[in-house]
Amino acid sequence: MTCRELGPEDISIFSDAICEYFETTSGEKAQVRSAYLLEGDYPENWNDFHGIIPVHGDFTGTVCFSAPKQLLTHVLMLMGDSSYSDAAHLDLVGEIANTLSGRARKHFGEMMKISPPVAFLGKHEKIKTSRAGRPYAIPFTWRTYEAGLVVNLCTL
Amino acid sequence: MRLMIVDDSMIIRNRIAVLANNPRLGKVDIVGLAGDGEQALALAKSKRPDVITMDLTMPKLDGEACISELAKLLPDAHILVVSALSDRATALRAIRNGAHGFLLKPFRDEDLLNSLVELCK
């Protein structure tokens, strides 16, 4: 089965989704830097909290949002949530991954099927998914926090 | 208004519950909080909500299937989809299956309030 890897125009959809998410949530856009192809599976500056969205349908692979605890705590505060437990941070990192993936369906269409998020904690945890294509990392800064999205998708 | 909130994110459920206390919405009783479609159907049978906010991407039973069942179970209930799925086909199908409105995530507080006010007119 042949698999078409995503191109820069596809990846820019995710960059736009990151900007839109933080602007809507906080009134302040994220500063998204250039996406780059990862040599391995993970960026150098991998964070503590990760939300992974398994993707299927006409696509295969994953979308993974990775953020430091401080960024997530800040967003929880903006949402009026007063629970700063690990469970709340895991819930939020999964929800952000889900939202960014969902926004990409405007571009990719409904045959990009999105599963509920799997969230986990740990800087050195590995993503337990098969490699779909060449993973792109999209690093960004929101306020003073560094975070990123890893898009590892290809179309069938 | 008897409100049921369906979303697999606890944070989103809590946020909607807090916003539902806004005086613009009048008296709101939150009669159920569900984290998946199966839980939502069970709660709907016993609590009979008249307004429901509904996520689409959820475990066990997803939002689309849940909306179809709720439309049969509670034909007079008003369902507002609150989801990040931004393709047109999904929104149209949700409306065709019984939803009355669609709000995209992420949302601002006033977006949700406006949608609920509109839904309850």
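The values are calculated or read from the model by the stated rules, or taken from the named source; none is laboratory data. Quick caveat: nothing in here was measured; it's all calculated off a predicted structure. Cβ sites come from the backbone with ideal geometry, for glycine too, and all protein chains shown count toward neighbours. Surface areas here come from the heavy atoms of the whole protein model, side chains and all, with no ligands, DNA or RNA. Shrake-Rupley method; radii C 1.70, N 1.55, O 1.52, S 1.80 Å.
Here is a yes/no grid of residues against (1) within 24 Å of A:ALA88 (Cβ to Cβ); (2) modelled with pLDDT of 95 or more:
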site	(1), (2)
B:MET10	yes, yes
B:VAL51	no, yes
B:LEU56	yes, yes
B:LEU70	no, yes
B:LEU73	no, yes
B:ALA77	no, yes
B:HIS100	no, yes
B:LEU103	yes, yes
B:LYS121	no, no
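Here are some residues: B:SER86, B:SER68. Which one is open to solvent by 10 Å² or more (accessible area, probe 1.4 Å), assigned to a helix (DSSP H, G or I) and of a type in the set (S, T, N, Q)?
B:SER68
Hey, among the residues in region A:84-105 that are over 16 Å from the mean Cα position of the chain (by Cα) and within 8 Å of chain B (Cβ to nearest Cβ), which one's nearest to B:LEU104 (Cα to Cα)?
A:ALA88
Mind checking which pairs have a first residue in region B:8-20 that is facing chain A (nearest Cβ under 7 Å) and a second that is in a helix (DSSP H, G or I) and of a type in the set (D, E, K, R), Cβ under 6 Å, 6 or more apart or different chains?
Filtered contacts from region B:8-20: B:SER9/A:ASP91; B:SER9/A:GLU95; B:MET10/A:ASP91; B:ILE11/A:ASP91.
Report, by residue number, each residue of region B:85-100 that is facing another protein chain (nearest Cβ under 7 Å) and not polar (S, T, N, Q).
B:LEU85, B:ASP87, B:ALA89
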